[in-house]
1. Return the ratio Rg/(2.2 N^0.38 Å) for the range 1-128, where Rg is computed over Cα atoms only.
2. Ordering K361, K35 by accessible area with a probe of 1.4 Å, largest first, what comes out?
3. Work out how far the C-alpha atoms of the range 255-323 reach from end to end along every principal axis, then list the three figures in whole Å, largest first.
4. How much net charge surrounds P72 when only the other residues with a Cβ under 12 Å from the Cβ of P72 are counted, with Lys and Arg +1 and Asp and Glu -1?
5. For the range 221-297, what mean projected area does the convex hull of the alpha carbons give, in nm²?
6. I'd like the accessible area for R335: 1.4 Å probe, protein heavy atoms, all chains in place, Å² to the nearest 10.
7. If you average the alpha carbon positions of the range 311-359 and of the range 253-271, how far apart do those two centres end up, in angstrom?
8. Report the local net charge at E291: Lys and Arg +1, Asp and Glu -1, summed over other residues whose C-beta lies under 12 Å from its C-beta.
Amino acid sequence: MAGVFGWLGFSAGVFILIWTWTSVIGTLIVPRQHKDRLSAAAALMTKGIFVVARRPIRTYRRLDRLLAWQAPMSLFIRLGIWMMLFYLSFALMLFPFVQGEPGRAFSEAGSALFTLGYAPPDELGNTLLVYSAAFTGLVVIALQIGYLPTLYAAFNRRESEVTLLVSRAGSPAWGPELLMRTRFGLSTVDSTAELGTLYGTWERWAAEVAESHSTYLTLCMLRSPLPESNWLTALLSVMDGAALQLSLSPGTAPTLRARLLLRMGFSCLNQIADALSIPVLEDVDPDGETELTFAEFNAAVEMLRSVGYPVEHSAEQAWPHFRGWRLNYEDVAYRLAYVIDAPPALWSGPRRLVTAPMPPKRPANRVASEARPEDPQLDIRGPE
């Protein structure tokens, strides 16, 4: 009877081993989106810990400091789950070769997997398994070590453009602020060409983020070094800036660049949302209503008018066009912002932590709303 139970344990161990290796290879090696229950369990476990830890927090900055630890902790917990499952699988597979002694099986599996070497095998069967366990432990740790530079290289590439945008769109970023600062900072230069270049850069940025963040979901939760900066609100601000320019000033807007950016932008958001199992509305009603109200849009248009931004259409004329563009990405952007607890920037939707939307910070020595559009010396630095 002990032999029967031993071989049943061996079969269960083989199943757990294959399941865990599939998770490791799919997560760390396969260069495409991989739906993995073990990684999802690690993320869910980490989320549960931080849900409890965040309950007493009432300010965004304190929440941001806490959540900066969530993604790294998820990586650590996932590695722990993998190693414990490998440990269990090899211990179960050793049962038939150690006369069904659980203590000895777990001792030999742990000695080999964690390369401690205190429990040498004494038969051919468990010798092969012990060597396999030792090989598994080394390979998993090596793969994890190689995975981290890849992950953080993608993070650094993402954050370079997000940081550069601070001086252009404020912190947290906002679409109308992008147009206003570009108008001030380049009042003696062709700002249309400058925005066209910016849209081209962010189109490529969105393509790279779509690929990396849907493959390595941890990147979605890794937070920017600056509390008010975030990859999602940055992309949303550039897309809003392009939609505003197309609707308000179609004659001078870099139409092709703006349209390509918007298309790549909402494709990026949809791809990441699908990877995170967030519902995506594929067929958008062009005559639907946005969460953003006309009153909010009109206030932004009046702000642009007050600083001399070249507006060709009235707010009433531009609104249907802007709303049509925004319907393509507003819902998915709001859902993503809620899930990743992005900074509560203007025009970016609700959050779990209910706080007032944060307007972009402006240089203390010069308030943009008080500057003259013909003044070429406006300081467009980021927040001090």
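1. Working: Rg = 19.1 Å, N = 128, 2.2 N^0.38 = 13.9 Å.
Computed over Cα atoms of the range 1-128, the ratio equals 1.37.
2. Sorted descending by solvent-accessible area, the residues read K35, K361.
3. Computed over the range 255-323, the largest-to-smallest principal extents equal 42, 26, 18 Å.
4. On the way: positive: R78, R223; negative: none.
Result for the neighbourhood of P72: +2.
5. 6.9 nm²
6. Rounded to the nearest 10, that gives 100 Å².
7. Answer, in whole Å: 16.
8. Its environment carries a net charge of -1.
The values are calculated or read from the model by the stated rules, or taken from the named source; none is laboratory data. Because the structure is predicted, anything quoted here is derived from the model rather than measured. Virtual Cβ from ideal backbone geometry, glycine too; neighbours counted across all protein chains shown. Only protein heavy atoms, including side chains, enter the accessible area calculation; ligands, DNA and RNA are left aside. Shrake-Rupley method; radii C 1.70, N 1.55, O 1.52, S 1.80 Å.
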